[in-house]
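In what follows, a single structure is set out as structure tokens and then discussed.
The values are calculated or read from the model by the stated rules, or taken from the named source; none is laboratory data. As the structure is a prediction and not an experimental result, all values here were calculated from the model. With ideal geometry, Cβ positions are generated from the backbone for all residues, glycine too; neighbour counts draw on all protein chains shown. Calculation scope for accessible area: heavy atoms of the full protein, side chains included, ligands and nucleic acids excluded. Shrake-Rupley method; radii C 1.70, N 1.55, O 1.52, S 1.80 Å.
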Amino acid sequence: MTATTLASLASALLSGSVKVVDLTAPLGPDTPVLYLPPQFGKNTPNVKVHTISEYNQDGPFWAWNWLELGEHTGTHFDAPCHWITGKDNPNNTTDTIPPQNFVAPVNVIDRSKEAAANPDYLLTVESIKEWEAENGAIEPGSWVLLRTDWYKRNGSTETFLNADENGPHSPGPTAEAIEYLLTKGIIGWGSETIGTDAGSAGGMNPPFPAHNLMHKANRYGLASLSNLDQLPAKGAVLIAAPLKFVKGTGSPIRALALIA
């Protein structure tokens, strides 16, 4: 039966009845990166691309580059060791996470209208339960992604971070929402914003709850996702595999979804 299932999936991919949706933002020198206040420490650098050779005297038949970028740049995966609460968990780095965990069903909570009306929109437990009443319960072992259409701002750092003198303004979850999702046994949480938390998350209890609580529970995060408006509320399969960095705290990824 397993072989038949895989053969059917392969056939469906070839015929186009199962489609592959790219959930990844372009990665390059113009990719927005997170800017932290000075009291939080150093920032991740902008992406830099360095040419090694390009069909010239440095390599006559080939072109290749070397890259300078942070682990948490562009569309990326957060491993549990990324946060202090997850630093002692087993299998908490990108090279030790079981690869089975990189492929899972996905739930997409659409709150794009709310985020359009209020960039500081926060997903609550009540809102999640309303979504479940309409779409079905969130399954153990699945991803939960927040659709806000924020990815459409990803063309510039200014619009994507959306910061003013009071700090960044972007949607995300409340601490209570993350706690509730963990009781459902999810494998991870993802968003279309530059990080997995809301812009106001530094003032929450605990601060940055999507990071603090998810990684404490040895679960994962996805940030800067794109095209969640192309996914159904349920029924898609998410493929989100980080590079196998030794002791990696995270990695840029090519996030893909399979939809029928």
Relative contact order of the chain (C-alpha contacts under 8 Å, at least 6 apart) in percent is 29
Can you name the helices of the chain, as whole DSSP H runs, whose Cα span along the helix axis is 18 Å or more and whose Kyte-Doolittle mean is not below 0.5?
2-15
Counting only residues 5 or more places away or on other chains, whose amide H sits under 5 Å from the amide H of residue 147 once H atoms are built in the peptide plane?
109, 110, 111
Work out how much length residue 205 to residue 11 would gain on full extension: take 0.36 nm times their residue separation and subtract the Cα-Cα distance, in nm to one decimal.
65.0 nm
Excluding ligands and nucleic acids, what accessible area in Å² is computed for residue 5 using a 1.4 Å probe, to the nearest 10?
90
I'd like to compare 232-238, 56-62: which one has the highest average count of other Cβ atoms within 10 Å, and what's the full order after that?
232-238, 56-62
Just the Kirkwood number for region 134-260, please: inverse of mean 1/r across all distinct Cα pairs, in Å, one decimal.
15.4
For region 104-174, restrict the atom set to alpha-carbon positions and state the Rg and Dmax in Å.
13.7, 41
Calculated SAXS-style log₁₀ I(q)/I(0) at q = 0.21, 0.22 Å⁻¹ - region 1-139, Debye, Cα scatterers:
-1.32, -1.31
Based on alpha-carbon positions alone, could you give the equivalent ellipsoid semi-axes of the chain from the gyration tensor, as √(5λ), descending, whole Å?
28, 26, 19
Let me see the P(r) profile for region 1-79: every Cα-Cα distance counted, bins of 5 Å, each bin given as a percent of all pairs.
3, 12, 12, 12, 11, 11, 12, 13, 9, 5, 2, 0
Solvent exposure, largest accessible area first (probe 1.4 Å, DNA, RNA and ligands not counted), of 87, 247
247, 87
State the number of lysine pairs found in the chain whose Cα atoms come within less than 16 Å, restricting to pairs 8 or more positions apart or on distinct chains.
8
Would you calculate, for the chain, the mean residue ellipticity at 222 nm contributed by helices, counting each DSSP H stretch of 4 or more residues as -39,500 (n - 2.57) and dividing by all residues, to the nearest 500?
-5500 deg cm²/dmol
